[in-house]
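Note sheet for the following structure.
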Amino acid sequence: MTTALTTQSTAVALSEDDVIDILSSSLYPGAHRHSVKLVLGYCKAAGLDPMQKPVHIVPMWDAKAGQMRDVVMPGIGLYRTQAARNGCAGVSEPEFGPDTDANIGGADITYPAWCRVTVKRRLATGEMVEFTAKEFWRENYATKGGKEKSIAPNAMWSKRPYGQLAKCAEAQALRKAFPEIGSEPTADEMEGKILHADDHSPIRHSPTKSIDPSGMTPKRENEIRAACDQAVDLFDGGNGDEVAAYEQVSGLSDSEEVLFAWNYMKPHSKLRSAIKRLQAADREAEAKAREAQAQADGVMDVEAREPA
């Protein structure tokens, strides 16, 4: 297979192996050859020049495989380039919230509570429009994770708590201002995150399950509000424990109550995303438990299944 690499003045035809060798020795030193091949495939599909390094190879913890794996993701530089080509008229200096001192997962760290970035876009009419994004450090920092499931910040977020959060806020502002560049998170936002929910997580039980639904009475609304407030405190103001936060509301099953809680937590989009992810993990765990019981009872023939 032949790949054309285009520079400002020449177009050089090289074999795919040659291109991978060049990328491996220059832009992605130390990366696995298979990962560099993924980079090349990504760039081909998106019509990008791989020699501009528009994407990064991000090591992520794969909970299903129980090991680290490489994932190809766009860099903030790609978003900046695409925005500049579509009318970006400037990006503000990042504005940071007050410093916060905390011990997270046994690690002492000082970090900004939040970061705000504004992107200006010049429309075809000549009008200048501003798009602002505000991101919170607690909702974005990457954990050490691993088999120990440590919630302490990883090396990069410990070393550069301001710089990393600024990149996340800028990426979000660029996506708001230029939705045509895509919605995929950048490598800076996803480094250190967990790739899949843990398939072996126990089925969680919530204190709200012990409350008998009695319709949306004022008393019941207050009970649900209290559970949601506790979830927010655990997620935002506590130790960043998304599992403990989810457990506060996972017992809600009545559709009216679920909708009430979901709307009540609307300002907390990161928490709602975590809840949705853990709900999916619970449903899968419950399905596997039912399947295992059916197999034990001898009432189900096991068929080969394609991986999810």
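The values are calculated or read from the model by the stated rules, or taken from the named source; none is laboratory data. From a predicted model like this one, the values you see are computed outputs, not experimental measurements. Don't worry about glycine lacking a Cβ; one is built from the backbone with ideal geometry, like all the others, and counts go over all protein chains shown.
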Are any of the residues in the range 89-103 of a type in the set (Val, Ile, Thr), under 25 Å from Phe136 (Cα atoms), modelled with pLDDT of 95 or more and touching a Gly at 6+ places or on another chain (Cβ under 8 Å)? no
Of all residues in the range 156-184, count the ones that are out of contact with any Lys or Arg (no Cβ under 8 Å at 6 or more places or on another chain) and surrounded by fewer than 18 Cβ atoms within 10 Å (Cβ to Cβ). 9
Which of the residues spanning the range 66-86 are aliphatic (A, V, I, L, M) and more than 19 Å from Glu191 (Cα to Cα)? Ala83, Ala84
Matching residues in the range 72-95 (surrounded by fewer than 18 Cβ atoms within 10 Å (Cβ to Cβ), within 29 Å of Ser158 (Cα to Cα) and touching a residue at least 40 places away in the same chain (Cβ under 8 Å)) number 2
For the range 237-255, name all the residues that are modelled with pLDDT under 75 and assigned to a helix (DSSP H, G or I). Gly237, Ser255
For the range 1-88, which fully contained helices (runs of 4 or more DSSP H) count at least 1 residues that are modelled with pLDDT under 90 and out of contact with any Gly (no Cβ under 9 Å at 6 or more places or on another chain)? 16-26, 33-46
Out of (1) in a helix (DSSP H, G or I); (2) of a type in the set (Lys, Arg); (3) farther than 30 Å from Asp108 by Cα, the odd one out for Arg272 is which? (3)
Here the qualifying pairs (Cβ atoms under 9 Å; residues six or more apart or on different chains; first in the range 100-129 and closer than 17 Å to Ala84 by Cα and touching a residue at least 24 places away in the same chain (Cβ under 8 Å); second basic (Lys, Arg) and in a strand (DSSP E or B)) come out as Val117/Lys134; Met128/Lys120; Met128/Arg121; Met128/Arg122; Val129/Lys120; Val129/Arg121; Val129/Arg122
Kindly check whether there is at least one residue in the range 115-122 that is modelled with pLDDT under 95 and in the same structural domain as Pro153 (by TED's automatic domain parsing). yes
